[in-house]
Every structure is written in C-alpha cells, then in structure tokens.
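In what follows, a single structure is set out as structure tokens and then discussed.
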Amino acid sequence: MSRVARWERTTEWPLAVNALVFLGAFAWPILDSGLDGFWREVCRYADYAAWAIFLLDYLIRLALAEQRLRYASKHIPDLLMVALPVLRPLRLLRVLLLLRVLNRRAAQSLRGRVAIYVSGSATLVLCCAALAELDAERHSSQANIRTIGESLWWAATTMSTVGYGDYHPVTTEGRLVAVGLMLAGVALLGVVTASIAAWLIETVREVETESQAATRADLARLHTEIAELRALLTDRAG
C-alpha cells in the first residue's frame, strides 16, 4: 500500500466528519434566516476551518505522492474543493468527500452495496442543491423559490429529470446550481442503470452456467447408461 493510500485510509472518516461540519455551518444560516450575528460568525469561521482542514489534507497527499503532477491531474475534484472556497455554490464541492467515502465502501461489493451508495449520494446531492438554490434565489425580487420546501421540491424534480416547471431559478447563481444538479441526476441514473444491467447479466450468466453443468451431468449419465446397455447386449450375444 502506498503512502497516499495509507494516509487516505487513516483520514477517511475524520474528513467525512469535517465535511458534515462544513455542511452544517453552510446550512444553518440558510435555514434560519433570523439567526443572530454571533452564530452567523461561528458558522462562517467553522466554514473557514473546514476549508483549512481540506487544504491541509490535499497538500499532505500531494507531498506523499510519488508522481505529484499525475496525482493532481487524477484528483481534480479534490483540487476544486480547496481552490474554490469563495464561490458559494461551488463550496459544496467539499461535500464530495462524503461521496468518495461511500464510493470506496460500495466498490468492495457493487451489487450488494449499490443501493446504499446511490441512496446516500442522491440524498446528499439533493439536500446540498436545495440549500444552494435557496441561498441563491430567495433574495431576488423575481424569485419563486423562497422556502426550503419549495427548494427541495424543485431539486427533486430537477434531479429526476422530470422538471414540472412550477419552480425554476431566475438568478445566474441559481441556474449554475441547476446545471450541476441536472448533471448529477443524470450521473446517478446512469449508475443505477449500469448496476441493474450488471446484475441482470451476472444472474443470466449464473443460470446459463448451472444449465450447462446440468446438461453435462445428464450427458455423462446417458453415456454411462449406453455403455452399460452395450456391454449387456455384448454379453447376451456372446
């Protein structure tokens, strides 16, 4: 196991907790519009602290990598998590760490854990997109998404590619969130479709294998019976 892999395995869950802390600090001021200044400052500094921890983790992994440029090119989402802290919708890229934890667990047994991975990823993406959309839209005079319920409904219809159109973003920032959510929805649907297809192929292959084994066994018994019958006829003829 490489040094980077050992570091990632050691810090996997602490960083996931850090991502949850960031998500809480991001969500609280959005959900509670009447939050006083002190707690807003607490959330702001918790946000900065979470970003600093992610930055430190990325720099350590980069330092431990044997081929640093190649490692950086293969971990673009991690780079985005630490390079785009000032853009509010893109700050949610830090929560991708939770998806990475789920993905590592699911990869051990895709067929057995795909439900957990997909449901966890979908719930996380849905909630994050709803929060980002509400934060972007509710201060606009033309906005029709003003509550967390409306934002969650919009996120669910958008991610599932249904798109009723009863709620829609009117700000540039909100539309950027919508684009990201649509891409995530298509990706998750692709994962579900591919997993079901893989499961069906594996099931059919198992049935074919069992059928072929049964056919070979039947042929072997038939050959044995023919040989016995031939020997019996030979004895009688003699």
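The values are calculated or read from the model by the stated rules, or taken from the named source; none is laboratory data. Predicted, not measured: the structure shown is a model, and the values here were computed from it. Methodologically, a virtual Cβ is constructed for each residue, glycine included, from the backbone with ideal geometry; neighbour enumeration extends over all protein chains shown. Ligands, DNA and RNA are excluded from the accessible area calculation, which covers all protein heavy atoms including side chains. Shrake-Rupley method; radii C 1.70, N 1.55, O 1.52, S 1.80 Å.
Below is a table of values for the structure above.
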| quantity | calculated |
| --- | --- |
| Ala187/Ser33 FRET efficiency (R0 25 Å; Cβ-Cβ; nearest 0.05) | 0.20 |
| Average accessible surface area per residue within the stretch 131-238, 1.4 Å rolling probe, Å² | 67 Å² |
| Inter-label distance, nm, simple model (7 Å from Cα along the C-beta direction), Leu79/Asp166 | 4.3 nm |
| 3J(HN,Hα) from dihedral phi, the stretch 31-46, Karplus parametrisation 6.51/-1.76/1.60, rounded to Hz, x for glycine, proline | 6, 10, 5, x, 5, 6, x, 4, 6, 5, 5, 4, 5, 5, 6, 5 |
| Accessible area (Å², per residue) of the stretch 20-65, counting only protein heavy atoms and a probe of 1.4 Å | 53 Å² |
| 3J(HN,Hα) from dihedral phi, the stretch 207-222, Karplus parametrisation 6.51/-1.76/1.60, rounded to Hz, x for glycine, proline | 5, 5, 4, 5, 5, 5, 5, 5, 5, 4, 5, 4, 5, 5, 5, 5 |
| Sparse-neighbour loop sites [chymotrypsin sites (Phe, Trp or Tyr not before Pro); the stretch 144-212; at most 14 other C-beta within 10 Å; DSSP] | Tyr164 |
